[in-house]
Amino acid sequence: MEVLLSLPCLLRTNGEKGHSMAAPVTNHKLEAAITDAEITFDGLARGVVMVAAEVGIHLRTNPSTVHKWLRGADPDGDTPAFICEALFRRTGRSYTPAELGLRSVEESDPGLGLTIGPDPVGVLARVWRADLDRRKFLAASAFSVAAMHLPLEYVQENAERTAAVRRGSVAGTAEVAAVRDMISMFTEIDERHGGQHGRSALIQYLHSDVAALCRGTFRTHEDRQQMLSAAAVGVHLAGWKAYDAGEQGLAQRYYHQSYALAVESGVVGHDAFVLRTLAQQGMRLHHPTKTIALSDTALSRVVGRVDAATEALFTVTHAHGLASTNQRRAAVQAVQRARDLLDAADTDDMPYWARSWGPARATVNSRSAKVFSRLGDRKGAAENYAAAAATRPAGTYARIQALDLVAQAKMELADGGIEQACGTWHRALDSMAGVRSVRTRRAVLEMRKNLAQFKIRGISAAQELDERAAVFLV
């Protein structure tokens, strides 16, 4: 007779057979957590694989792997952190590897950068050191669903705290302008050539020059506000570069600290802008119900307090959140509201932190396309992606223009237009020349998968495009 492990979940498996007790359970902490979660071995394995995939790591975890962990085997690499996140997503309870009887991830601090407090520069100093060293744990850090609520709960205890005096350093409008110019240069390089160009240089600049300025003294209170706001834009860009590399957990950490800097700056709307980014990341990672509050809160903080073009950016992100939670009519109405705001706007009035991410109309068009795609309107999505690509200055926004065109082609293909889709994909490849981006590379790999069935059918447009894509990936 087969003897089963004393886990209730083994009696509730999805087609799993009971596991024979070749050796007794030695990790009772993990056993208890699995029991509390009421999850099968297969369910936990799939959850771990999903979390790892979000940071570009492809695991082959299966029920037998979970069984081995219970018998005392150490999970490989960063898997302990992935197990903690998978269990949180199931139960809402946060675990550390030690609480599950697992080894700590080497060189890691699972909470590094996820906290939001009154000293973001201090936290960032540790994140920057780890990022510059390219420590594996940081690049592979899982996106934390548990930490998604932190920005909404964060209340700065001392918004007017006195910055530490740095001897001989007094900053004013000239220093703020210099930081903005440098960050604008890094942003332009990022948009034109992809997130991996200039990444280390940006982090080093933030780590040395910008951090020192933020901790210095200022000629006026407004100078201090603007410097912290400029720093928040730079840290946001570091997060964007991590996002472009597929390092979602690291991106989240940078966004949290960008948010803390924006809050501390006191610049109206800037903190909400980072909430907007966090909402978009959550939607990208398929956590719509947990991100709608972020987009909701972000919009509520700026209505009537910022210019019309900037408000349109928040409104269309909120529309995407509404569409992601199946609020169809409200989503379409929000898209129209964003367009109305743009039609009445003077984009010259946009603040630095909102203007630095490209033309507002292109952003609204691209996000509107995501709304229509979510609602199943492929034609509307394709038209908006096309409008977004056409609205961005040629060459200046190469990466995002290429990604908009890729998304347009997918909508055209789904609507039955293989020839039209291939033409759009060719234009996307034109825009990708010289771009180093994980996202664009993944887009080309996915394109080749979509073309496979048409190559088999002998469609010449698909064959020619696939050959070009193969050369691009070399």
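Within the group T396, T391, which residue is in contact with a Pro (Cβ under 8 Å, 6 or more places away or on another chain) and surrounded by fewer than 22 Cβ atoms within 10 Å (Cβ to Cβ)?
T391
Quick check on my filter: what residues within the range 79-138 are of a type in the set (F, W, Y), assigned by TED's automatic domain parsing to the domain that holds A211 and modelled with pLDDT of 75 or more?
If the condition is that a residue be of a type in the set (F, W, Y), assigned by TED's automatic domain parsing to the domain that holds A211 and modelled with pLDDT of 75 or more, then W128 is the only one that fits.
For the range 43-79, which residues satisfy the criterion of being assigned to a loop (DSSP other than H, G, I, E, B), touching a residue at least 24 places away in the same chain (Cβ under 8 Å) and under 20 Å from V25 (Cα atoms)?
R71, G72, D74, P75
(1) exposed (fewer than 14 other Cβ atoms within 10 Å of the Cβ); (2) touching a His at 6+ places or on another chain (Cβ under 9 Å): which one isn't true of P63, the others all being true?
The failed condition is (1).
Do any residues in the range 365-383 that are more than 13 Å from V332 (Cβ to Cβ) have Cβ atoms under 7 Å from those of residues that are among the charged types (D, E, K, R) and modelled with pLDDT of 95 or more, where the two are at least six apart or on different chains, and which pairs are they?
What qualifies is S366/D404; A382/E412.
Out of curiosity, is Q281 in a helix (DSSP H, G or I), out of contact with any Ser or Thr (no Cβ under 7 Å at 6 or more places or on another chain), closer than 23 Å to S144 by Cβ and not hydrophobic (A, V, I, L, M, F, W, C)?
yes
Tell me which helices (runs of 4 or more DSSP H) are completely within the range 316-385 and hold 2 or more residues being of a type in the set (K, R), or say none if there are none.
So the answer is 328-343, 360-374.
When you go through (1) buried (at least 16 other Cβ atoms within 10 Å of the Cβ); (2) farther than 22 Å from A394 by Cα one by one for Q453, which number turns out not to apply?
(1)
Does V263 count as in a loop (DSSP other than H, G, I, E, B), farther than 25 Å from A323 by Cβ and either out of contact with any Lys or Arg (no Cβ under 9 Å at 6 or more places or on another chain) or in contact (Cβ under 8 Å) with a residue 40 or more places away in the chain (or both)?
No.
If I filter the range 449-474 down to residues being over 14 Å from A421 (Cβ atoms) and β-branched (V, I, T), which single residue comes out as nearest to the chain's Cα centre (by Cα)?
V474
The values are calculated or read from the model by the stated rules, or taken from the named source; none is laboratory data. As the structure is a computational prediction, the values presented were derived from the model and not from experiment. All Cβ positions, glycine included, derive from the backbone under ideal geometry; neighbour counts span all protein chains shown.
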